[in-house]
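To start, the structure itself, in structure tokens.
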There are 4 protein chains.
Amino acid sequence: MILFRCDYGEGAHPEILRRLVETNFEQMDGYGCDPYSESARRKILQACGCPQGEVYLLTGGTQTNATVIAAMLHGYEGAVAVETGHIGVHEAGAVEYTGHKVLTLPQHLGKMDAGELADFLAAFDADPNKDHMVWPGLVYISLPTEYGTLYRRDELSEIRDIAHKYGLLLFIDGARLGYALASPACDYSLSDLKDLCDVFYIGGTKVGALCGEAVVFPHGAPNHFFTTVKQHGALLAKGRLPGVQFDTLFTDNLYGRIAENAIARAHDLVAVLKEKRIPFFLESPTNQQFVILENTYMERLSKEVGFDIWQPYDETHTVVRFATSWATTKEQIERLGALL
Amino acid sequence: MILFRCDYGEGAHPEILRRLVETNFEQMDGYGCDPYSESARRKILQACGCPQGEVYLLTGGTQTNATVIAAMLHGYEGAVAVETGHIGVHEAGAVEYTGHKVLTLPQHLGKMDAGELADFLAAFDADPNKDHMVWPGLVYISLPTEYGTLYRRDELSEIRDIAHKYGLLLFIDGARLGYALASPACDYSLSDLKDLCDVFYIGGTKVGALCGEAVVFPHGAPNHFFTTVKQHGALLAKGRLPGVQFDTLFTDNLYGRIAENAIARAHDLVAVLKEKRIPFFLESPTNQQFVILENTYMERLSKEVGFDIWQPYDETHTVVRFATSWATTKEQIERLGALL
Amino acid sequence: MILFRCDYGEGAHPEILRRLVETNFEQMDGYGCDPYSESARRKILQACGCPQGEVYLLTGGTQTNATVIAAMLHGYEGAVAVETGHIGVHEAGAVEYTGHKVLTLPQHLGKMDAGELADFLAAFDADPNKDHMVWPGLVYISLPTEYGTLYRRDELSEIRDIAHKYGLLLFIDGARLGYALASPACDYSLSDLKDLCDVFYIGGTKVGALCGEAVVFPHGAPNHFFTTVKQHGALLAKGRLPGVQFDTLFTDNLYGRIAENAIARAHDLVAVLKEKRIPFFLESPTNQQFVILENTYMERLSKEVGFDIWQPYDETHTVVRFATSWATTKEQIERLGALL
Amino acid sequence: MILFRCDYGEGAHPEILRRLVETNFEQMDGYGCDPYSESARRKILQACGCPQGEVYLLTGGTQTNATVIAAMLHGYEGAVAVETGHIGVHEAGAVEYTGHKVLTLPQHLGKMDAGELADFLAAFDADPNKDHMVWPGLVYISLPTEYGTLYRRDELSEIRDIAHKYGLLLFIDGARLGYALASPACDYSLSDLKDLCDVFYIGGTKVGALCGEAVVFPHGAPNHFFTTVKQHGALLAKGRLPGVQFDTLFTDNLYGRIAENAIARAHDLVAVLKEKRIPFFLESPTNQQFVILENTYMERLSKEVGFDIWQPYDETHTVVRFATSWATTKEQIERLGALL
């Protein structure tokens, strides 16, 4: 059995484990006041080109989305996301649990269309009943999207400009950010994000860490964000756990390098799938690939290969996802080729 | 510098790291569906003497308290805790953030008095205005308490009986549970807890793990508790992280054995402190020891020894906490003795 | 200027005011323990054919929706509504503020389609990721809908059956219930509702009262619903205010009789609009009528007639709403006819 | 049977009912956009000496407290109140339901002590763990207090200064504000409050209205407070209901004049109680009087007189409350005298 089900099927990059072992008996203060968290934050801000910004290390994606969104919105505001946005579908209503509505726009291969956002905000602005409605306060997008697709730089700028024009913030969910930035199709780099949005996070869990998401506020965090993190149950006593991990990931660009492996293997994967004439559901330039399998074939294949069932395609076919990761090997792709 | 500031100053027990490294490249499903989480849950239920129960592995204490309390209470109910209870003071209002009030009782060396609980519930019951008030729905205690003290078995039974008499549940916060059970002063064992309360958790973060708290529902969890955990941002994608850790801690009773080290070292610590004639603030049978230091002496000592400032004692003295842990060595206690 | 903007443009039915004046100096207990609230509850249950049920008198619609929905859902559940449902659009996120997501289905002239509900629930049930999603816990529909349309009895039965099949409750928002029941197109009566849903409310604010909505739980209310009402800020100290009003409305079927006036006047209104060849946006059998006005004409007309701007129709036309009410007179319709 | 149980035992001042009847068929826009709400807001700001301020008309006290507090606090903040404060005891946890903790201080005849507030805030400020705690964000006091007592002007100034020094806002719950201001013991007037706090409300429900509380923001309301009011279910469709009432109460100082009646009758009441040698629990300068009754006597008396059971005094005695109101007559006091 080989798993292409997701990009969190393995543990951590070995270098991370090596550093955790190496530093294990150093005594440190908790809650992110240890030297490794300190160093991680500094290196991240350096890599992001905003040394004056602030970084907070949280544990997982849903937690990070809910904590950041609740901290950035006023009580009467909601977050705007596309209908397939992770916060609106697969986070068990974590954002609503904080009291905020997720307002939805159509999706196009997982992406938000800047024009539709503009129309939505203009229509809200013109609505004579808007005072009876949830105020859009923040735009949420993910990079890459749920379908592995990417925004171009000009698309991000346009979304940001429209958001700002109407007084909204732009938040980028970067649970798989490494895989976006490592894609040849990506026309911006980590240090460009500070200008393209108001807050984003750099996903660790899916890119080599055991756990951990680094929230970057390029222009400073909301007041007492530390307390908000604690209030959301998102503060680890042993801050060294994300600290050592992100410090390692941001030493000698390990984060970028391992993300590149996922993209290279995804390239190999696409070649194998195409060779086997398996039809693609859409074209993805990152580590998640969506193909259409005939149901009995799918059933048979699932005995030896792990993939994620995404959505029904038609009566007899299903869309499934294959994901590569920092840990995927050429051998695994070859074995998959043999099994297909 | 040696730190006695807390029991989460080191990383993880080396056996845990060894197992994380060893299993690192095994491909597994996420969200606790991996074989190590499976095995950990089974071993924990075995150790707790309730194989029919349910276990959920969460990440940290505040998160666990808020998630469990919100899941067990009706909307109109609150949690009863002593005024020094962790949920009421040092969790940034995480319980209130879920919409539930923390109702407070006096504390006695950190403990709740069963008689006072009975009086409180009887008074509520008799209050003609009770329908305008928050209904007490759950009793929260910690084991050991914030002051390192322990409930005796008969005290726990009495609190449980009173809680049940009035229709409340009893929840035990066991962030440091290992250190309670390892104390010679403790007249019950892990497998007794299933009868002494309705839900409890076994703290990993402070007893040898990098992170992780194992919530035990001896009689079954609330419906769809998995979804509730997700909604609270408390579900790790890499469930193997707490899974491998708790599997290791509950193999050959590692959890119990390392907790014993903390108690043995606390015993040494008490001896050293008494030898130096440092007055104790109270008597604690577990790994946290509270002493009274003169302020200028405290200032000087803090240059070489880390301890936690607890509360002012009088104008010129302060109560401080020294904590031992699974990782504390005899040498560290000796060095402390030399420095005092 | 005559207003057809809404059905809450006037005060209260004169009989209500007469009774408020008449009983004004009777001393009564607060919070619904007065004899008029008592009597109102009894008469309402009588009229609903469920003397064993429970009634609570709240103040307004948004408040009632949020309070009832929060009381009936578990923490991990959401409410299913059509995309034009009042709770999802014009209640400022009041339901989300209680922590629950509103899950949306398409609307058909404001109505939910039973087949689409069934498909949605079946798809949820079959979704391998459903544990990461908000569980549908309750179906919310309104009677009449936002477009003034009505469900037939068989449609309600079908929605109820599907909801129950999947373990959901059915809640009917009856802010304008009187106008539904008074319509000749309605093939059920007030006393049928106890079998057609799990909870509903009888709107007072829009049908003759100054304020007040009567929530009917045909099979008993959730535990301590009184306290939940208080917690939501929905409990009036002077319970006599809704008490006297509903007692009056349910004496000699005043509620039904005044609702009939609205329907009769809506009939007149439709005749006038048709006579003036104003195109209808849809056919509504109740007191709200939606027509399409050319924009410059609309502008001019709005100087002398109040109507509600509903939504853009095309570049040069707008959908507007005319509403009649218990208070609308034949003369007002005639004056409108003259102005059109 | 005569009731002295509370100050909301009667309906409304007849002048209010007269105006409701008189304006009943005027057609008006909803949600506070009617001319009477407009006029009420203007007159209230005039009376408060802050024509640039903002007024919102809500329905009841608990609702008002929760809505205002949630709107003024950041997510990580709580409200400071004395342990007998209404928000902490008799509002069913409505404030916690919005996610905010109520932090408690001791009470002294129902009042907060400025020195204790200063000590509390200084201790919080100095607490090395404060980032793990709920931040005090607002001071809540009531005027008069739950025990009918009053703050002197210098006490209010001091509390305000301390609150501001530490960055907190001061909110005055004026559910019975009229009875405070009408007391000869009160050394400030309505127009002084704008300088003594940041936000307060003028209670209508207990001072002559059927319902309604007027929130006054002397220096402007939080952004989009209208939407927040809607989100809390606190917006009446028929805004004319509180509008006409407050417009009437603030015409020719009706509010002040009827409050004076309550104080005059309370004076008569005290005389009668003293004459009958009934011991007072405390001295109250307003319309609520607290006396100690022997239990069997209390039982007997309760057959003919309604009073509120407040709290046990000792084994054989109980503290009970007698309240006068705008509607209390000399005859009622005389009848009570005869019955005692």
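The values are calculated or read from the model by the stated rules, or taken from the named source; none is laboratory data. Predicted model only: the values in this text are computed from it and were never measured. In this analysis, Cβ positions are derived from the backbone assuming ideal geometry, glycine residues included, and neighbour counts consider all displayed protein chains. Ligands, DNA and RNA are stripped out before the accessible areas are found, and what is left, the full protein with its side chains, is counted by its heavy atoms. Shrake-Rupley method; radii C 1.70, N 1.55, O 1.52, S 1.80 Å.
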Where a residue in region C:121-134 is over 18 Å from A:GLY88 (Cβ atoms) and its partner, wherever it lies, is open to solvent by 40 Å² or more (accessible area, probe 1.4 Å) and among the aromatic types (Phe, Trp, Tyr), with Cβ under 9 Å and at least six apart: C:LEU121/C:TYR166; C:ALA122/C:TYR166; C:ASP125/C:TYR166
Can you name every residue in region B:120-135 that is over 18 Å from D:ILE309 (Cβ atoms) and exposed (fewer than 15 other Cβ atoms within 10 Å of the Cβ)? none
Hey, B:ILE278 assigned to a loop (DSSP other than H, G, I, E, B), over 29 Å from B:ALA209 (Cβ atoms) and not basic (Lys, Arg) or not: yes
D:ASP195, sole failed condition from (1) of a type in the set (D, E, K, R); (2) within 14 Å of another protein chain (Cβ to nearest Cβ); (3) over 26 Å from C:HIS86 (Cα atoms): (2)
Just one listed residue, out of C:LYS276, C:LYS303, C:LYS330, is open to solvent by 30 Å² or more (accessible area, probe 1.4 Å) and in contact with a Lys or Arg (Cβ under 8 Å, 6 or more places away or on another chain), and it is C:LYS330
Is there a residue in region C:290-298 that is outside any helix (DSSP H, G or I), touching a strand residue (DSSP E or B) at 6+ places or on another chain (Cβ under 6 Å) and surrounded by fewer than 19 Cβ atoms within 10 Å (Cβ to Cβ)? yes
Tell me which residues, restricted to region C:241-262, are among the aliphatic types (A, V, I, L, M) and buried (at least 22 other Cβ atoms within 10 Å of the Cβ). C:LEU241, C:VAL244, C:LEU249, C:ALA259, C:ALA262
Would you check if there is a residue in region D:195-205 being among the charged types (D, E, K, R), surrounded by fewer than 23 Cβ atoms within 10 Å (Cβ to Cβ) and assigned to a helix (DSSP H, G or I)? yes
Is it the case, given these coordinates, that A:ARG18 is outside any loop (DSSP other than H, G, I, E, B), more than 11 Å from chain B (Cβ to nearest Cβ) and open to solvent by 70 Å² or more (accessible area, probe 1.4 Å)? no
What's the number of the condition C:TYR76 fails, among (1) more than 9 Å from every other protein chain (Cβ to nearest Cβ); (2) over 30 Å from C:LEU340 (Cβ atoms); (3) not basic (Lys, Arg)? (1)
Could you check region A:45-75 and list, in sequence order, the residues that are open to solvent by 10 Å² or more (accessible area, probe 1.4 Å), in contact with a strand residue (DSSP E or B) (Cβ under 8 Å, 6 or more places away or on another chain) and either in a helix (DSSP H, G or I) or without any contact (Cβ under 8 Å) to a residue 60 or more places away in the chain (or both)? A:LEU45, A:GLY61, A:MET72
Only one of (1) at pLDDT 95 or above; (2) surrounded by fewer than 24 Cβ atoms within 10 Å (Cβ to Cβ); (3) more than 7 Å from every other protein chain (Cβ to nearest Cβ) is not met by D:GLY30, so which one is it? (3)
Out of C:GLY53, C:GLY49, report the one residue that is at positive phi and more than 8 Å from every other protein chain (Cβ to nearest Cβ). C:GLY49
Could you please give the count of residues in region A:182-213 that are farther than 30 Å from B:GLY93 by Cβ and of a type in the set (A, V, I, L, M, F, W, C)? 7
Residues satisfying the stated conditions in region A:214-240, i.e. under 21 Å from B:GLU91 (Cα atoms) and not hydrophobic (A, V, I, L, M, F, W, C): A:PRO222, A:ASN223, A:HIS224, A:THR227, A:THR228, A:LYS230, A:GLN231, A:HIS232, A:GLY233, A:LYS238, A:GLY239, A:ARG240
Leading residue by the ranking (farthest from the other protein chains (Cβ to nearest Cβ)) among those in region D:226-235 that are touching a strand residue (DSSP E or B) at 6+ places or on another chain (Cβ under 7 Å) and either open to solvent by 10 Å² or more (accessible area, probe 1.4 Å) or within 18 Å of D:GLY60 (Cβ to Cβ) (or both): D:VAL229
It is to be established whether one or more residues within region D:140-155 are surrounded by fewer than 23 Cβ atoms within 10 Å (Cβ to Cβ), over 18 Å from the mean Cα position of the chain (by Cα) and basic (Lys, Arg). no
What residue, of C:GLY93, C:GLY167, is of a type in the set (Gly, Ala, Ser) and surrounded by 20 or more Cβ atoms within 10 Å (Cβ to Cβ)? C:GLY93
Residues satisfying the stated conditions in region C:110-125, i.e. within 14 Å of chain A (Cβ to nearest Cβ) and aliphatic (A, V, I, L, M): C:ALA122, C:ALA123
Given the criterion within 24 Å of B:GLU83 (Cβ to Cβ) and either within 14 Å of chain B (Cβ to nearest Cβ) or not in a helix (DSSP H, G or I) (or both), identify the matching residue among D:PRO144, D:PRO184, D:PRO128. D:PRO128
Restricting to region A:34-74, give me the number of residues that are of a type in the set (Phe, Trp, Tyr) and more than 20 Å from A:LEU138 (Cα to Cα). 1
Looking across region A:3-15 at residues that are more than 7 Å from every other protein chain (Cβ to nearest Cβ) and open to solvent by less than 10 Å² (accessible area, probe 1.4 Å), the single one that is farthest from A:LEU273 (Cα to Cα) is A:ASP7
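Per-residue answers, yes or no, for (1) more than 14 Å from chain D (Cβ to nearest Cβ); (2) free of Cβ contacts under 8 Å to residues at least 24 places away in the same chain; (3) over 30 Å from B:TYR76 (Cβ atoms):
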{"residue": "C:GLY208", "(1), (2), (3)": "no, no, yes"}
{"residue": "C:CYS211", "(1), (2), (3)": "no, no, no"}
{"residue": "C:PHE217", "(1), (2), (3)": "yes, no, no"}
{"residue": "C:HIS224", "(1), (2), (3)": "no, yes, no"}
{"residue": "C:ALA237", "(1), (2), (3)": "no, no, no"}
{"residue": "C:ARG257", "(1), (2), (3)": "yes, yes, yes"}
{"residue": "C:LEU269", "(1), (2), (3)": "yes, no, yes"}
{"residue": "C:LEU273", "(1), (2), (3)": "yes, no, yes"}
{"residue": "C:ASN287", "(1), (2), (3)": "yes, no, yes"}
Out of all the residues in region C:304-331, which are touching a residue at least 12 places away in the same chain (Cβ under 8 Å) and out of contact with any strand residue (DSSP E or B) (no Cβ under 7 Å at 6 or more places or on another chain)? C:GLU304, C:THR324, C:SER325, C:TRP326, C:ALA327, C:THR328, C:THR329, C:LYS330
Failed condition for A:LEU156, given (1) at positive phi; (2) in contact (Cβ under 8 Å) with a residue 40 or more places away in the chain, with all others met? (1)
